[in-house]
Amino acid sequence: MCGIWALFGSDECLSVQCLSAMKIAHRGPDAFRFENVNGFTNCCFGFHRLAIVDQLYGMQPIRVKKFPYLWLCYNGEIYNFKQLQKQFGFEYQTLVDGEVILHLYNRGGIEQTASMLDGVFAFILLDTANRKVFLARDTYGVRPLFKVLTDDGFLGVCSEAKGLTNLKHAASLCPKVEPFLPGHYEVLDLKPSGKVASVELVKFHSYKDEPLHAAYDTVETLPSGSFDLETVKSNIRILFENAVRKRLMAHRRIGCLLSGGLDSSLVAAVLLKLMKEININYPLQTFAIGMENSPDLLAARKVAAHIGSEHHEVIFNSEEGIQAIEEVIFSLETYDITTVRASIGMYLVSKYIRKKTDSVVIFSGEGSDELTQGYIYFHKAPSPEEAAEESERLLKELYLFDVLRADRTTAAHGLELRVPFLDHRFTSYYLSLPADMRIPKNGIEKYLLRQSFEDSNLLPKEILWRPKEAFSDGIASIKKSWFSILQDYIDQQVDDLLLEKAAEKYPFNPPKTKESYYYCQIFEKHYSGQSGWLPHYWMPRWVKATDPSARTLKHYKSATQE
């Protein structure tokens, strides 16, 4: 996890512009560098470092003697950098995994570079010899990237939008800041003036396709074409374990978020098993958050006891949750209802991890609900084919919702997130399975995933088959849900008249509830005029829903209601 920032063709003084780079300082608390590009006085890079690998030579922009004309600023982890070195005979100058990007680019150009990277990444690559700038982002957008490009060729790039919103530029009072699309790379020409011109934007990987780098994976070739249930279950276990194993790459302490739900529990159980196998000599710290006696806390306690982790419980009250709303929306850069709600707990637990422990690399279960059809509303899918299409839509939009939440809430406290469920090879295999294998069965969502681990003894049976909780219920006290607490508080903050005129004040994605209005208000305070960053609210399909919470669906029954 790092913060990257770069400008090309700035008309304004760079020492003034670089103040914007400091807005993402939380992403890299270990070191900061600001560097001008030789020969282009109005181009520069800014970098905030969180040192995870190669403590000595990990500063950026990365430049190596072999390619003095290449400049690389990247945020991410490339898990197959050693396999690629072995395959192609690359001679690395540092221990930084991202150095492989320079060697791949030199060997085969930008398309092959982006396609061969097994990992999560957002990068800016400058080739001064050929006067090109390249931007790229991983398949699911696990690592964030935003850009601003004006008509006259001024380019700004940053890990978070807040590093670009106040840039000064003569030709444009308020340049348009946009998220860079996941799974794409962009080629831009660099003019002698330092300005740029976009040449092409290319989609380099579709999540349904087996990635190009699979040919050099450490996992043996899996039996293909057979959808025999036992074979499928075995392949799911092999690929998921491999997804966790490759993410153990770190020189800093590893921890894991643990809600006691299926996804985080599977990640924690497999993670601890693999840490023992490779003799990592410290206990795995797991972290659960909730109000007193919440269902998540109780379930996580059970999992931690079963797997033997060093377990931490973070208890928060309604006042602490409500006080965090504004800083959470500032960190997230969104006003999406369910994203804000679910971010409060993750933000507060990340704050605890940073202040009270030395765990920095944090594993989590994001991506599973989208991939394995874990949302309650999948029970209402008209057909397996439509459920499969919805799963793919959710994966495509992850960067706007759950992946955004997971990145910003952890990065706000200088932590690095790892999400094995979004491993390229694991997801492409799961999506290749027949649609009717992936749907909920016997009234239970994620049936195939649960079945795959049934005989492994990794988790207690009641956790493996625990139904999905709405996040706002999982962290709530038995007495009152987080959902209800929020509604009661916000009801006092927004009067009925304001809500009636909401569409006039917020014509794009007009809020339909007081809660939504309240979030819009805070968002506009910090990011005025940028409501377009959220194309639409997250809402369940196939049901008449006016609220994204699972607790509003008929199929749903929470532990707090039993």
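Selection of region 10-55 for residues being more than 26 Å from the chain's Cα centre (by Cα), crowded, with 22+ Cβ neighbours inside 10 Å and assigned to a loop (DSSP other than H, G, I, E, B) yields only S10.
Residues being more than 21 Å from I4 (Cβ to Cβ) and assigned to a loop (DSSP other than H, G, I, E, B) are represented in region 65-73 by at least one member.
Would you confirm whether or not region 96-113 contains a residue that is touching an Asp or Glu at 6+ places or on another chain (Cβ under 7 Å), farther than 23 Å from F426 by Cα, open to solvent by 10 Å² or more (accessible area, probe 1.4 Å) and at pLDDT below 95? The answer is no; no qualifying residue exists. Go through E385, E389 for me and flag whichever is open to solvent by 10 Å² or more (accessible area, probe 1.4 Å), free of Cβ contacts under 8 Å to residues at least 40 places away in the same chain and either closer than 23 Å to G443 by Cβ or outside any helix (DSSP H, G or I) (or both). Just one listed residue meets the conditions, E389.
Results for (1) hydrophobic (A, V, I, L, M, F, W, C); (2) buried (at least 20 other Cβ atoms within 10 Å of the Cβ), shown as yes or no for each residue.
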{"site": "K396", "(1), (2)": "no, no"}
{"site": "R408", "(1), (2)": "no, yes"}
{"site": "A412", "(1), (2)": "yes, yes"}
{"site": "K441", "(1), (2)": "no, no"}
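Taking interchain pairs and intrachain pairs at least six residues apart, which have beta carbon atoms under 9 angstrom, with the first residue in region 509-532 and farther than 19 Å from F483 by Cα and in a helix (DSSP H, G or I) and the second among the acidic types (D, E) and open to solvent by 20 Å² or more (accessible area, probe 1.4 Å)? Pairs found: K525/E326; H526/E326; S531/E524; G532/E178.
Does S159 qualify as being closer than 20 Å to I78 by Cα, within 18 Å of the chain's Cα centre (by Cα) and at pLDDT below 95? Walk me through it before giving the result.
Values: closer than 20 Å to I78 by Cα: yes; within 18 Å of the chain's Cα centre (by Cα): yes; at pLDDT below 95: no.
Against the criterion (closer than 20 Å to I78 by Cα, within 18 Å of the chain's Cα centre (by Cα) and at pLDDT below 95), S159 does not qualify.
Pairs meeting the criteria (first residue in region 8-26 and in the same structural domain as L126 (by the TED database) and in contact (Cβ under 8 Å) with a residue 12 or more places away in the chain, second residue open to solvent by 10 Å² or more (accessible area, probe 1.4 Å) and of a type in the set (F, W, Y), beta carbons under 8 Å, at least 6 apart or on different chains) are F8/F40; C18/F34; A21/F34; A25/F32.
Only residues that are in contact with a Leu (Cβ under 6 Å, 6 or more places away or on another chain) and either open to solvent by 80 Å² or more (accessible area, probe 1.4 Å) or not hydrophobic (A, V, I, L, M, F, W, C) (or both) were counted across region 285-312, and they come to 3.
When K208, K273 are checked against the criterion of being within 19 Å of the chain's Cα centre (by Cα) and surrounded by fewer than 20 Cβ atoms within 10 Å (Cβ to Cβ), a single residue qualifies: K208. Do you know which residues across region 88-104 are touching a residue at least 40 places away in the same chain (Cβ under 8 Å) and either closer than 21 Å to Y185 by Cβ or under 25 Å from the mean Cα position of the chain (by Cα) (or both)? Hits for region 88-104 are L95, V96, D97, L102. Here is a check on your reading of the model: is S264 touching a Phe, Trp or Tyr at 6+ places or on another chain (Cβ under 9 Å), part of a loop (DSSP other than H, G, I, E, B) and of a type in the set (G, A, S)? In short, no. Screening D336 against (1) under 18 Å from the mean Cα position of the chain (by Cα); (2) farther than 19 Å from Y489 by Cβ leaves a single unmet condition, (2).
Just to be sure, is R341 under 18 Å from the mean Cα position of the chain (by Cα), charged (D, E, K, R) and within 23 Å of S265 (Cβ to Cβ)? Here the answer is yes, as R341 does meet what is asked.
Within region 324-345, take every residue that is part of a helix (DSSP H, G or I) and charged (D, E, K, R) and give me the one that is nearest to L404 (Cα to Cα). Among residues in region 324-345 that are part of a helix (DSSP H, G or I) and charged (D, E, K, R), the one nearest to L404 (Cα to Cα) is R341. Taking the listed residues Q85, Q93, the one that is in the same structural domain as C44 (by the TED database), open to solvent by 10 Å² or more (accessible area, probe 1.4 Å), more than 20 Å from A6 (Cα to Cα) and not in a loop (DSSP other than H, G, I, E, B) is Q85, with no other qualifying.
Total residues in region 142-187 satisfying the condition of being of a type in the set (G, A, S), crowded, with 19+ Cβ neighbours inside 10 Å and farther than 16 Å from S331 by Cα: the figure is 3.
Could you pull out the residue among A170, A214, A197 that is among the aliphatic types (A, V, I, L, M) and closer than 28 Å to V403 by Cβ?
Working: A170 fails: closer than 28 Å to V403 by Cβ; A197 fails: closer than 28 Å to V403 by Cβ.
That would be A214, the only listed residue that is among the aliphatic types (A, V, I, L, M) and closer than 28 Å to V403 by Cβ.
The listed residues are I4, I62, I78, and the only one of them that is of a type in the set (V, I, T), at pLDDT 95 or above and either open to solvent by less than 20 Å² (accessible area, probe 1.4 Å) or farther than 26 Å from R107 by Cα (or both) turns out to be I78.
Scanning region 352-375 for residues that are open to solvent by 10 Å² or more (accessible area, probe 1.4 Å) and under 28 Å from P511 (Cβ atoms), we see that the one that is nearest to the chain's Cα centre (by Cα) is E366.
Being modelled with pLDDT under 80 and surrounded by fewer than 18 Cβ atoms within 10 Å (Cβ to Cβ) is the filter here, so list the residues in region 519-562 that pass it. Spell out how you get there, then give the answer.
Kept after step one, since they are modelled with pLDDT under 80, are these residues of region 519-562: 545-546, 549-562.
Of everything in region 519-562, those that are modelled with pLDDT under 80 and surrounded by fewer than 18 Cβ atoms within 10 Å (Cβ to Cβ) turn out to be A545, T546, T552, K554, H555, K557, A559, Q561, E562.
Of the residues making up region 372-382, those that are outside any helix (DSSP H, G or I) and aliphatic (A, V, I, L, M) number 1. In region 117-175, which strands (runs of 3 or more DSSP E) lie fully inside it and hold 3 or more residues that are touching a helix residue (DSSP H, G or I) at 6+ places or on another chain (Cβ under 6 Å), more than 27 Å from E327 (Cβ to Cβ) and of a type in the set (A, V, I, L, M, F, W, C)? By residue number, no strands (runs of 3 or more DSSP E) qualify.
Does K246 satisfy the criteria of being touching a residue at least 40 places away in the same chain (Cβ under 8 Å) and open to solvent by 10 Å² or more (accessible area, probe 1.4 Å)? Explain how you work it out, then say what you get.
Numbers: touching a residue at least 40 places away in the same chain (Cβ under 8 Å): yes; open to solvent by 10 Å² or more (accessible area, probe 1.4 Å): yes.
Judged against the criteria, K246 is a match.
The values are calculated or read from the model by the stated rules, or taken from the named source; none is laboratory data. All figures in this text were calculated on a predicted structure; none of them were measured in a lab. In this analysis, Cβ positions are derived from the backbone assuming ideal geometry, glycine residues included, and neighbour counts consider all displayed protein chains. Side chains included, ligands, DNA and RNA excluded: accessible areas come from the protein's heavy atoms. Shrake-Rupley method; radii C 1.70, N 1.55, O 1.52, S 1.80 Å.
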